[in-house]
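As structure tokens, the structure follows; a few thoughts come after it.
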Amino acid sequence: MDLKLSAGDEAFRDEVRAFAAANLPASVVAKTWSGRHFEREDHMAWQRALGRKGWLTYTWPKKYGGPGWNVTQRFLFENVLAEIGAPRILPFGVKMVGPVIYTFGTEEQKARFLPGIRESSVSWCQGYSEPGAGSDLASLRARAVREGDHYVVNGQKTWTSFAHWGDWIFCLVRTDPDKKPQEGISFLLIDMKTPGVTVRPIIMLDGAHHVNDVFLDNVRVPVENRIGQEGAGWTCAKFLLANERLGIAEVPASKRGVQGLRDIARAEGLSDDPSFRDKISDIDLQVAALEMSELRVLSDMAAGGAPGPEVSTLKVRGSEIQQRIAELACEAVGDYGAPYQPELLFRDSNESGIGADHAVPAAARYFNMRKTSIYGGTNEIQKNVMSKMVLGL
Amino acid sequence: MDLAFTPEDIAFRDEVRAFVAANLDRDIADKVAAGKHLVRDDYMRWQQALGRKGWLVYTWPKKHGGPGWSVTQRYIFENVCAEMNAPGIIPFGTKMVGPVIYTFGSEEQKARFLPDIRESTLWWCQGYSEPGSGSDLASLRTRAVRDGDHYVVNGSKTWNTMGHWADWIFCLVRTDTDAKQQEGISFLLIDMKTPGITVKPIIMADGGHEVNEVFFDDVRVPVGNLVGKEGEGWTYAKFLLANERLGIAAIPQSKRGVETLKEIARAETDNGRPLIEDSSFRDKLADLDIQVTALEFTELRALSTMAVGGAPGPEVSFLKIRGSEIQQRITELAVEAVGYYAMPYQPSLLWQGANEEPIGPAYAHQSAPRYFNVRKTSIYGGSNEIQKNVISKMVLGL
Amino acid sequence: MDLSYSDEQKQIKEGVERFVREEYAFETRRKIAATPRGWLPGNWAKFAELGWLGMAFSEEDGGFGGGAVETSIIMEAFGSGLVLEPYLPTVLLGGGALALGGSKAQKDALLAPMIEGKKQFAFAYVEKQSRYNLADVAVTARKDGAGYVLDGHKGVVYNAASADQIFVTARTAGGQRDGKGVTLFVVDADAAGLSRRDYPTQDSLRASELTFRNVKVGADAVIGTLDEGASLVERVVDRAIVGICAEAVGCMDAVNKATLEYIKTRKQFGVAIGKFQVLQHRMVDCFTNAQEARSMTLMASLKIDDPDVDTSRKAASGAKVQIGKSGKFVGQSAVQMHGGMGVTDELSVSHYFKRLTMIDTMFGSQQHHLTRYGNISMAA
Ligand SMILES: Cc1cc2nc3c(=O)[nH]c(=O)nc-3n(C[C@H](O)[C@H](O)[C@H](O)COP(=O)(O)OP(=O)(O)OC[C@H]3O[C@@H](n4cnc5c(N)ncnc54)[C@H](O)[C@@H]3O)c2cc1C
Ligand SMILES: Cc1cc2nc3c(=O)[nH]c(=O)nc-3n(C[C@H](O)[C@H](O)[C@H](O)COP(=O)(O)OP(=O)(O)OC[C@H]3O[C@@H](n4cnc5c(N)ncnc54)[C@H](O)[C@@H]3O)c2cc1C
């Protein structure tokens, strides 16, 4: 048992650092540090750079174009990127639909879709939730009716993150309304340019536009865009959720967040305030515990185990921690959390903020981060899962 | 709306103070102040003093011998008693079975039982819970079968607080096994000296003996001891629970507890400075103080509704929840404050009032046992989970 | 980076777990606690025989070359059975002090026989006013010829009644709370002038108040460097912290298991109470808390011997904060979910709860370590 890095690991870390330094524009990094939102191209350019290096799909097996890293390397990679302030890798292609395609897809599908994901030339989004199907996803109603070589899809998806940036959407649709809810669902890949697809923004409480309604109105989708058997969509979805839950803990970003919090505390003259210090120490330790828990899971996986339902706990704690960091930043900036400056948050602007730079996004971030205990399966649902699958209750 | 006391209120407060000063025996007040456990005689001496003055049953209507106080007077009385380290009044007679008897009992029962409660000549205990029936009280199985002028009672009750000191027990028993659960229950008063009753101690986590199992083996109870109608016991029980929930918040005691905690924090040092100057401990004290204040004002709001004729609604459940959490938090902070000297276990000091010298500071030895013991407050009187179920159903309509 | 146990470590784990399973049923423990000593010499002999007393000491010192990970394995299993034998004071504290500060002669005289099970230790570092400051030392050691004379009072000294030797911090120079000027001495338990008041603790262990009146020791009683005892004791205590954190992890897992079992079997309203979602979620939170405690303890065990002192200090304090927090949540929740049964002496739940509570205080509360952690990390 050992936490130390080998010389090879250290060299690897330096390589990642050097790569990131060379490929990340300073203007993008600056957005991370000041808490501003990224544009589509900020993400895509960075992902293409990673793609060219073969690192974008760093969790994929070698035979599908992953770099074949071990657990330590993945850990280092994620941490270096977060430390440097890189935009997070959007998960929809890389961590979600990609693994579904290489696990359940046909050879043609692999050949057709995986390169676009590896190179980040195509942007994906996730069409699961519907207005009537949130936590109870299996009750979804978007209907796909077979017509010759096509499915005709009708229905509405909602909360679709970055659908307005998306080239493709992967959807769960109901192909058989007579079967048990879980059994009548299929997994379809839909080109967002297909006629009948309409995207409508949903504005979040902080004014951000990240999520959308997606309306599907007689959308014709070729049958070859179905992954797996008809009716096997739920299996793909569950597989994907387990993958999603692991990354969603966002430990490296939270480590950076704690660092940011210390900087804010210093700037605000709070670093000698014992109660605020206690709060920072407390959240720092929560992150440390979560990181170690994640490492334990990764180390089990390295030894051949699969991530079990207990990873739900990482999602729950990860989201609580992200929220707490945002809350503390808000506490730290005091009254200067109040001015609302959307032009600074969402647009590339040279205007200077009303309060200190770090105060500009504080409140908006706090409001926005409430989402983390809701999406990806709410924390209540995660606890239900744990209670049933881990504790047998 | 007015928070200030009137001159009459102030005169009343002075009267209560003078009474307590003259009638509360010193040894008892000392024990309460030091957080020691009291024995039966301690409670009885104090309650009888109150009884003689007509103040023991201060919540009762005038016609049953209550003093007819306003809500403000009750509030003042409770607070003065707590401030002056009077023992808490044992609720089983005065707040539980007494009101049931004067509300649902016959004239004969009133004449027979109420005077002893008013004067505290008899000790009552509560026989509701059973091994298989805790939160789900209506599932109780202690059986009472009518046999001529008597009921013959068989079964067992558990968690009887101070049952080993009791002269009488009021019980919920099943008189009809065929009716719906709640409808087959009756409310019986049973003399603890009746043959067939056995009391067996349950030892608590802190080593103390305050609760018991009570076994009933062919216990013959005169039919005259049935309160109200056969099969209506559940109604009376619910009535009583609503009463119980109000007092259980123990706010005056918590206020005193916070003061004691502050004294401990003044006496304890950290790096040569009084602990009370430690900013993190101060934060915790302040937080607690604010919780107590919020709870007190909430209770005052409930009392003021009652003063204009409203009944305590199910929302008083949350007073019980918050009250118990606050009691627990006080003890938790006491353990934190005394540090290492929470560790020595000195049961003889706790239970027998022995003269053994405490190992740490005098206030330290009971901090951990109290912390362990007070975990009970979120369990008894309807656990906090059950209280939340009640609020969710009755208040929120969920 | 590798977080899996080696085969040897797995074997140790199985061995200690078997001992706890076979020799430490809850009712057996109750009987052991009621014996005059409060622990069983037979068990101690077994620990010696199985090599657990020497596990974490170097081969040079007569041990088996393990480290904090092995100690954690043993302590965790002990925690799961609430083992009463004085492993912490003897092996982790006394033994730890000898390993880190003892001379060759001291190790030969004391550590080697301890590893063989022939000596027991106590570690006297608390004073009435000291709270958690290891350098707040009012006991004095006055130079007297070649040796020293000790005077003063030490409090809550675990295992003093059974110990052959007592390790004690005393002031040899400086003011009462100066970091410099504290020296660690080892004193024979039967030294003239040393008196004891023995008592049980809340969690069924044994401790004593010690009074030193003109207790004379030789120059060879100094462990480590004169006047530099505070940092030695800090290191010893930090390593012991990892041990009790592991013990707490064992307690938490065991009490969670008992609670889970209870809510699956206890029925109210016609169903197992584990069917109620509030209890399910609380149980999940207990599980999560125990997992986090395990993670932090593991991390501490891997970092505690880091050559950078701030790293090891942060590791110990970080784990201690987590243990305090998780232990409180798990202990209180276990009691609550057991209903009335939780507050009785009869079931093991309340005993785990009490031990977890005492562990939070031992070597500094959650708050103390949070502050210590903050002082180090904000300075960085
Ligand atoms: C910012 C954001 C981005 C998102 N991105 C996407 C996306 O890209 N693609 C996509 O498909 N979806 C996305 N989602 C949707 C997300 O998965 C859903 O919001 C989530 O599943 C919860 O569903 P709901 O919002 O309908 O809430 P509901 O299911 O209506 O839940 C409301 C509340 O009830 C609780 N609840 C529900 N059932 C239970 C139960 N059985 N036990 C206890 N509590 C329960 C929930 O925990 C919650 O607190 C996103 C959501 C957000 C907020
Ligand atoms: C110190 C002490 C003194 C007492 N004194 C008396 C007395 O004098 N007379 C008397 O009659 N009784 C007395 N009681 C008994 C007390 O009323 C019961 O302990 C209480 O009703 C809980 O029942 P239980 O202990 O059987 O717990 P259980 O009902 O078994 O409950 C166990 C756990 O499950 C939870 N739970 C149960 N049902 C639900 C649900 N539907 N939803 C969510 N959670 C649920 C509970 O909240 C608890 O956390 C006393 C108890 C104690 C501890």
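Every number here is computed from the coordinates shown, using simple stated rules; none is lab data. In this text the structure is predicted, and so the values were computed from the model without any measurement. Please note: Cβ atoms are built from the backbone with ideal geometry, for glycine as well, and neighbour counts cover all protein chains shown.
When the inverse distances between all different Cα atoms of chain C are averaged and flipped, the Kirkwood radius reads 21.3 angstrom. The ranking of C:317, C:80, A:121 from fewest to most other beta carbons within 10 Å of each one's beta carbon is A:121, C:80, C:317.
When chain C is treated as a Gaussian network with alpha carbon springs shorter than 10 Å, the biggest mean-square fluctuation among C:354, C:104, C:154 belongs to C:104.
Between the helical axis of C:68-81 and the dominant principal axis of chain C, each derived from Cα atoms, what acute angle in degrees is found, rounded to the nearest 10? Roughly 50 degrees, rounded to the nearest 10. Of A:63/A:388; A:371/C:257; B:95/B:376; B:255/B:376; A:371/B:320; B:53/B:110, which ones are farther than 24 Å apart at the Cα? Check vs 24 Å cut-off fails for A:63/A:388; A:371/C:257; A:371/B:320. Based on the Kirkwood approach, the hydrodynamic radius assigned to the stretch B:249-396 is 16.9 Å, with every pair of different Cα atoms included.
Dividing the summed -39500 (n - 2.57) terms of all DSSP H runs of n ≥ 4 by the residue count of chain B sets its mean residue ellipticity at 222 nm at -14000 deg cm²/dmol. Charged neighbours of residue A:141, selected by a Cβ distance under 11 Å, balance to +2 (K, R count +1; D, E count -1).
Name the most mobile residue of C:26, C:269, C:64, meaning the one with the largest mean-square fluctuation, in a Gaussian network model of chain C with Cα contacts below 10 Å. Result for chain C, Cα springs under 10 Å: C:269 fluctuates most. Pairs exceeding a 26 Å alpha-carbon distance, out of A:110/A:315; C:31/C:154; A:383/C:267: A:110/A:315; C:31/C:154. Pop out the Kirkwood hydrodynamic radius of chain B from its pairwise C-alpha distances, inverse of mean 1/r, in Å to one decimal. Kirkwood radius, chain B: 22.4 Å.
Note on the stretch C:324-366 and the stretch A:1-72: Cα centroid distance 45 Å, given to the nearest whole angstrom.
Counts of other chain beta carbons within 10 angstrom of each beta carbon in peptide C:287-296 average 6. Here the dipole of the stretch A:7-89 is about 320 debye; that uses its Cα centre as origin and unit charges on the Cβ of Lys and Arg (positive) and Asp and Glu (negative). So if I take the centroid of the Cα atoms in the stretch B:233-272 and the same for the stretch C:157-210, what is the distance between those two points in Å? For the stretch B:233-272 versus the stretch C:157-210, the Cα centre distance is 38 Å. Ignoring lysines fewer than eight residues from residue B:193 along the same chain, the ones with Cα atoms less than 18 angstrom from its Cα are B:157.
Relative to the longest principal axis of the Cα atoms of chain B, the long axis of helix B:7-23 lies at roughly 90 degrees. Note on chain A: GNM, Cα springs under 10 Å; of A:285, A:216, A:50, the largest mean-square fluctuation is that of A:285.
Available extension along the chain between residue A:340 and residue A:7 is 115.1 nm, counting 0.36 nm per residue and deducting the alpha carbon span.
Residue exposure proxy: A:43, A:150, ordered by other Cβ atoms within 10 angstrom of their Cβ from fewest to most, comes out as A:150, A:43. FRET efficiency for residue B:277 and residue A:176, Cβ-Cβ distance as r, R0 = 56 Å, nearest 0.05? Taking R0 as 56 Å, the efficiency between residue B:277 and residue A:176 is 0.20. For the stretch B:88-173, chymotrypsin sites (Phe, Trp or Tyr not before Pro) are listed when DSSP marks them as loop and at most 16 other Cβ atoms sit within 10 Å of their Cβ; the list is empty. Among the lysines, select those whose C-alpha is under 18 Å from the C-alpha of residue A:193, and discard any that sit fewer than 8 residues away in the same chain. List returned: A:157. All C-alpha to C-alpha distances of the stretch C:231-376, sorted into 10 Å bins beginning at zero, yield P(r) values of 13, 40, 27, 14, 6, 1 percent in whole numbers. Set the Förster distance to 30 Å, then compute FRET efficiency between residue B:70 and residue B:138 from the Cβ-Cβ distance, nearest 0.05. The calculated FRET efficiency here is 0.25. Taking other C-beta atoms within 10 angstrom as a stand-in for reagent exposure, A:385, C:137, C:187 fall in the order A:385, C:187, C:137, fewest first.
Positive end of the dipole of chain A, charges at C-beta (+1 Lys, Arg; -1 Asp, Glu), about the Cα centre: which of A:290, A:392, A:158 has its Cα farthest in that direction? Highest projection toward the positive end goes to A:392.
When the alpha carbon coordinates of the stretch A:123-231 are projected onto the principal axes, the ranges are 42, 29, 20 Å, largest first. Each of B:318, B:291, B:337 was placed along the dipole of the stretch B:280-355 (beta-carbon charges, centred on the mean Cα), and the one lying farthest toward the positive end is B:318.
Of interest is the spacing of the C-alpha centroids, which for the stretch A:287-349 and the stretch C:34-103 amounts to 39 Å. In a reduced charge model with +1 at each Lys and Arg Cβ and -1 at each Asp and Glu Cβ, the stretch C:7-119 shows a dipole moment near 520 debye about its Cα centre.
Helical content of chain A, expressed as a calculated mean residue ellipticity at 222 nm, amounts to -14500 deg cm²/dmol (DSSP H runs of 4 or more residues, -39,500 (n - 2.57) each, divided by residue number, nearest 500). Taking the Cβ of residue A:64 as the center, what net charge do the other residues with Cβ under 10 Å away carry, scoring Lys and Arg +1 and Asp and Glu -1? Counting the neighbours of residue A:64, the net charge comes to +4. If R0 equals 60 Å, the separation of the Cβ atoms of residue B:106 and residue B:267 corresponds to a calculated FRET efficiency of about 0.60. Placing +1 on the Cβ of every Lys and Arg and -1 on the Cβ of every Asp and Glu, with nothing else charged, gives the protein assembly as shown a dipole about its Cα centre of roughly 1480 debye. Loop-located trypsin sites (Lys or Arg not before Pro) across the stretch B:179-264 with a Cβ neighbour count of 14 or fewer within 10 Å are B:180, B:193, B:229, with loop assigned by DSSP.
Start at zero, step by 20 Å, and the Cα-Cα distances of the protein assembly as shown spread as 10, 34, 34, 19, 2, 0 percent across the bins.
Taking the helices alone, chain C has a mean residue ellipticity at 222 nm of -16000 deg cm²/dmol, built from -39,500 (n - 2.57) per DSSP H run of at least 4 residues and averaged over all its residues. Label positions at residue B:203 and residue A:41, each projected 7 Å from the Cα along the C-beta direction, are separated by 7.8 nm. How many nm separate the modelled label positions at residue C:138 and residue A:223, each set 7 Å beyond the Cα in the direction of the Cβ? The modelled label-to-label distance comes out at 9.0 nm.
Each of A:332, C:243, B:51 was scored by the projection of its Cα onto the charge dipole of the protein assembly as shown, and the greatest displacement toward the positive side belongs to B:51; charges sit on the C-beta of Lys, Arg, Asp and Glu.
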